[in-house]
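Chemist: One structure follows; several queries about it will come next.
The values are calculated or read from the model by the stated rules, or taken from the named source; none is laboratory data. These numbers come from a predicted model, not from an experiment. Cβ atoms come from the backbone with ideal geometry, glycine included; neighbour counts cover every protein chain shown. Calculation scope for accessible area: heavy atoms of the full protein, side chains included, ligands and nucleic acids excluded. Shrake-Rupley method; radii C 1.70, N 1.55, O 1.52, S 1.80 Å.
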Amino acid sequence: MKSRTIKVDYLARVEGEGGLNIRIKDDKVVDVKLRIFEPPRFFEAFLRDRKYTEPPDITARICGICPVAYQMSSSHALETACGVSVDGVLRKLRRLIYCGEWIESHVLHIYMLHAPDFLGYQDAIEMAKDYPDVVQRGLRLKKIGNDIVTLLGGREIHPINVRLGGFYKVPTNSELKALEEHLEWAVDAALETVRWTGTLPFPDFEQDYEFVSLRHPDEYPFNEGRVVSNKGIDITADQFLDYFEEQHVKHSTSLHSVVKDRGEYLVGPLARYNLNFDKLPSSVQQAAKEAGIAETCNNPFKSIIVRSVETLFACHEALAIVKDYNRPKKPCLEVKPRAATGHWCTEAPRGLLYHHYTIDDDGVIQDARIIAPTSQNQKAVEKDLLGFVQKNLHLSQEDLTWQCEQMVRNYDPCISCSCHFLKLNIERE
Amino acid sequence: MSGNNIDETTLRSRQTLIIGIGNPYRKDDDVGLYVARKVRETGLENIDVVEGVGDGIALLNVWEGASRVIVIDSVISGREPGSVYCFDAINEEIPTDLFTGYSTHSISVVDALELAKVLGKLPQRMILYGIEGNEFSLGVGLSPQVQKTADKLVERIIEECRL
């Protein structure tokens, strides 16, 4: 009997603390565990008894990479509970700050965390020695994403300018206009990025995923839409918990999400792209096709191309919003509390982010629930690894370990975000 | 100027740039920010102060083009709390494990420095100070030994800037 173990004690180039165990017995993969040992963070518990206006600032602290996503999902969920809908220019500004977050997060992942895998470098610093112009392009592009978040959010990490109903302060026409020339460069740089990622070498590997993302009738989704899948789900956010559930597993402090009675599913760039290709501008669609991905893409390694396609889209969208901007008279709508529950999903760079809040008449939070994209993808990561290792047992231990780490990084997992905890019941006899 | 809104045009037109790095809510991890703040409060001319840069990669943009940069951060190396490390960041090799990154999705000061070296984005002169911390748990305020060192370092930096 021959047995083999692949073990990565500490995953590099991912956010948070996680490791990986894969057990192979007689040329069959018998066990895959993505071990998450990031401590649970109890955000949902300490949101209780706080004021309904606080979640955008508190939940932004869950993540240093996608704080805007937390601000957007929490604001929308609480506005829904209070019967308020933000429209017009303020809605566009929300899309714009989300564009900024997608650009900075995707570009960081493409250039600094993921590309070194494909080109055989330990990290971006090593890669920069041979590809200085490429890395410079990535850094400049990322900075434009940071600049958008800084302008609208007050600072680039953990923005402080987002509130229920809109913003504390909105930019002047000239402040936003100043971004225009940078975004024009960014559109070209993002197109170059799509072309460049299309030239990377990709392992031949596809999976039959259940993709889940938002879908909006008129636009590629950021803040709004129905939750849909390619296997028949088409629901509103308030039905989310009827269709999806989180399960506790022993080897991970991150909960595993599943479609009820069905199993794992995938959120994030690949899911959004596959479910919303028709909503991309034709020039972006064309760029994707030229980079070698069709309207559907089931190869998780090619998510680096899809991220670059979404970056191109975000640059286009940001430029259009900036060109069209006229400063609104008021920076926000008034949001008065009432006893209600609000559910909402938005599209974080890593995928669907669900929030719900129950508040009382005074706006005091009675219950909060947050389901982050990385925890939704945990099971899909493990299934990818199982399928990939089974198919590549002929590889040396070193090569297989490298590619398994690369497989995890396909997801750009944000382990810190995914760590919350099941309610704990202690029964004593 | 101070804070996170970094106006690069302003920075490049000045002479010395002081960058304090740390988390003000993790006790001695605040030491870099503390030193930077104290230097700013002296109101010295020809100095720019940046208290905290949220994104390690942004350091490359912040210091690019500056003639002299002084970076202050806390370190954990096992030495006596309050001990000071001082590196000529342009010419000396800096132990990577001394200044660790706060996030694997971002990069540490030393990584930013390495990347800047590779890409030719280093300032002309750069001094990196590391102050050994004692207490990094949740909370505010520096340990007495760290506070003492920090105040001495503030004086030393002010003196250097006057030269």
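Chemist: Given +1 on the Cβ of Lys and Arg, -1 on the Cβ of Asp and Glu, and no further charges, what dipole in debye does region B:2-162 carry about its Cα centre, rounded to the nearest 20?
Modeler: Charge dipole of region B:2-162: 280 debye, to the nearest 20.
Chemist: Sticking with this structure for a sec: Kirkwood Rh over alpha-carbon pairs of chain A, then Stokes-Einstein at 20 °C and 1.002 mPa s: what D in µm² s⁻¹, rounded to an integer? Mind dumping the intermediate values first?
Modeler: Values: Rh = 22.0 Å.
Diffusion coefficient, whole number: 98 µm²/s.
Chemist: Using a cut-off of under 20 Å, list every residue of region A:114-128 whose amide N is near the label point 7 Å from the Cα of residue A:398 along the Cα-to-beta-carbon line.
Modeler: Only A:116-124, A:126-127 fall inside the zone, counting backbone N under 20 Å.
Chemist: On to the next question. Give me the net charge of residue B:131's neighbourhood, meaning all other residues with Cβ under 9 Å from the Cβ of residue B:131; Lys, Arg count +1, Asp, Glu -1. Write out the running numbers ahead of the final one.
Modeler: Numbers: positive: none; negative: B:28, B:73, B:132.
Result for the neighbourhood of residue B:131: -3.
Chemist: Counting other C-beta atoms within 10 Å, and keeping those with at most 11, which DSSP coil trypsin sites (Lys or Arg not before Pro) do you find in region A:314-345? Don't skip to the answer; put the middle values down first.
Modeler: Values: sites: A:323, A:329, A:338; in loops: A:329, A:338.
Answer by residue number: A:329.
Chemist: Could you compute the net charge surrounding residue B:78? Neighbours are other residues with a C-beta less than 13 Å from the C-beta of residue B:78; K and R count +1, D and E count -1.
Modeler: Summing Lys/Arg as +1 and Asp/Glu as -1 gives -2.
Chemist: Under 17 Å from a point placed 7 Å out from the Cα of residue A:208 along the Cα-to-Cβ direction: which residues of region A:294-320 have their backbone N that close?
Modeler: In region A:294-320, the label zone of residue A:208 (backbone N under 17 Å from the point 7 Å along Cα→Cβ) covers A:297-300.
Chemist: Under a Cβ-only charge scheme (Lys and Arg +1, Asp and Glu -1), can you give me the dipole magnitude of region A:266-368 about the Cα centre, in debye to the nearest 20?
Modeler: Dipole of region A:266-368, to the nearest 20 debye: 360 debye.
Chemist: Provide the buried accessible surface between chains B and A in square angstrom, both chains summed, 1.4 Å probe, rounded to the nearest 100. All intermediate terms of the calculation are to be shown ahead of the outcome.
Modeler: Details: alone 8280 and 17820 Å², together 24270 Å².
So the total buried area for this chain pair works out to about 1800 Å².
Chemist: Considering only protein heavy atoms, what per residue accessible area in square angstrom results for the protein assembly as shown with a 1.4 angstrom probe?
Modeler: 41
Chemist: Among A:169/A:329; A:28/A:260; A:92/A:169; A:250/A:302; A:92/A:177; A:250/A:379, which pairs are too far apart, with a Cα-Cα distance over 21 Å?
Modeler: Working: A:169/A:329 11 Å; A:28/A:260 28 Å; A:92/A:169 14 Å; A:250/A:302 31 Å; A:92/A:177 15 Å; A:250/A:379 13 Å.
As for pairs spanning more than 21 Å Cα to Cα, those are A:28/A:260; A:250/A:302.
Chemist: Okay, next question. Can you compute the label reach from residue B:125? Point 7 Å from Cα along the Cβ direction, backbone N cut-off under 20 Å, restricted to region B:131-163.
Modeler: B:153-163
Chemist: So, counting K/R as plus one and D/E as minus one, what does the shell of residues with Cβ under 9 Å around residue A:121 add up to?
Modeler: -3
Chemist: Can you give the helix-only mean residue ellipticity at 222 nm for chain B, where every DSSP H stretch with n ≥ 4 adds -39500 (n - 2.57) and the sum goes over all residues, rounded to the nearest 500 deg cm²/dmol?
Modeler: Result for chain B, helices only: -9500 deg cm²/dmol.
Chemist: Run the quick spin-label model on residue B:90 and residue A:45: label points 7 Å from Cα toward the beta carbon, then report their separation in nm to one decimal.
Modeler: Placing both labels 7 Å along Cα→Cβ, they lie 5.2 nm apart.
Chemist: Which of A:286, A:105, A:82 sits farthest toward the positive end of the charge dipole of the protein assembly as shown, with +1 on the Cβ of Lys and Arg and -1 on the Cβ of Asp and Glu?
Modeler: Of the options given, the answer is A:82.
Chemist: Mind checking the dipole of the protein assembly as shown: about its Cα centre, +1 per Lys or Arg Cβ, -1 per Asp or Glu Cβ, Debye to the nearest 20?
Modeler: The dipole magnitude comes to about 500 debye.
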